[in-house]
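The values are calculated or read from the model by the stated rules, or taken from the named source; none is laboratory data. Since this is a predicted model, take the numbers as computed values, not measurements. Cβ placement follows ideal geometry from the backbone for every residue including glycine, while neighbour counts extend to all protein chains displayed.
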Amino acid sequence: MASTKNERTFIMVKPDGVQRGVVGDVIHRFEQRGYKLVALKMLQAPRALLESHYEEHKGKKFYEILLAYIGSGPVVAMVWEGLNAVSVGRKMLGATDPAKSEPGTIRGDFGIVTGRNIVHGSDSETSAQREIALWFKPDEISQWTHTAEQWIYE
Ligand code: GDP
Ligand code: MG
């Protein structure tokens, strides 16, 4: 699919990110970059939701550890919108293993180990669409216009 300003990605601050007090920082980075927040909620995710969200990892060695970690406390689930939101969002997060993440990325600035890597971000447009539909009802997503849009995009 061609990139558009309407591309959406699912970003989630994990329970360790909430406990570490970086919710505001994660939001700030996406706002500062020029992305538009179109949905946000805090919840303690039920197991069934996490099983769907992480279905690609079912059967892996870390699967149960991962579900216990993400279900251990509230998360902040968000949808961010803008040009290349998925790929730029992944760059802003850094590598899965924070030890391999560049400083300046969220994981590279706040994490040390893979099992406490602060944030989730969709890895493709297909994943983003699937994840957004899983975590948000259509009426929980807002449509609004950035007043700064002409200064963010040429
Ligand atoms: P992501 O797309 O960068 O989040 O990485 P993956 O899709 O490969 O893995 C999903 C999540 O599972 C990661 O963000 C980690 O929280 C966790 N994870 C992945 N690999 C491991 C591992 O080897 N050990 C542990 N404890 N957690 C892992
Ligand atoms: Mg992934």
All but one of (1) within 13 Å of ligand 2 (Cβ to nearest atom); (2) over 23 Å from Lys137 (Cβ atoms) hold for Leu83; state the number of the condition that does not hold. (1)
Has region 20-31 got any residue that is surrounded by 14 or more Cβ atoms within 10 Å (Cβ to Cβ) and within 16 Å of ligand 2 (Cβ to nearest atom)? no
Under 7 Å between Cβ atoms, at least 6 apart or on separate chains: pull out the pairs that start in region 66-77 with a residue that is under 7 Å from Val18 (Cβ atoms) and end on any residue that is among the charged types (D, E, K, R). Val75/Lys14
Which residues, counting only those in region 129-145, are of a type outside the set (Gly, Ala, Ser), touching a residue at least 24 places away in the same chain (Cβ under 8 Å) and surrounded by 10 or more Cβ atoms within 10 Å (Cβ to Cβ)? Gln129, Glu131, Ile132, Leu134, Trp135, Phe136, Glu140, Ile141
Confirm whether Ile70 is of a type in the set (A, V, I, L, M) and out of contact with any Pro (no Cβ under 7 Å at 6 or more places or on another chain). no
Select from region 46-62 the residues that are free of Cβ contacts under 8 Å to residues at least 40 places away in the same chain and part of a helix (DSSP H, G or I) and write down the one among them that is nearest to the chain's Cα centre (by Cα). Leu50
Taking region 2-45 and keeping only residues that are in a helix (DSSP H, G or I), among the aromatic types (Phe, Trp, Tyr) and under 13 Å from His120 (Cβ atoms), one is left with none
Would you mind stating whether Lys91 is within 13 Å of ligand 1 (Cβ to nearest atom), more than 17 Å from Val22 (Cβ to Cβ), modelled with pLDDT of 95 or more and within 15 Å of the chain's Cα centre (by Cα)? yes
Asp16 fails exactly one of (1) within 22 Å of Gly111 (Cβ to Cβ); (2) without any contact (Cβ under 8 Å) to a residue 40 or more places away in the chain, namely (2)
Please indicate, with yes or no, whether at least one residue in region 63-84 is farther than 22 Å from Trp144 by Cβ, of a type in the set (Ser, Thr, Tyr) and not in a loop (DSSP other than H, G, I, E, B). yes
If you scan region 92-124, which residues turn out to be away from ligand 2 (no atom under 14 Å from the Cβ), buried (at least 16 other Cβ atoms within 10 Å of the Cβ) and in a helix (DSSP H, G or I)? Met92, Pro98, Ile106, Gly108, Asp109, Phe110, Arg116
Answer yes if at least one residue in region 145-152 is charged (D, E, K, R), in a helix (DSSP H, G or I) and away from ligand 1 (no atom under 15 Å from the Cβ), and no otherwise. yes
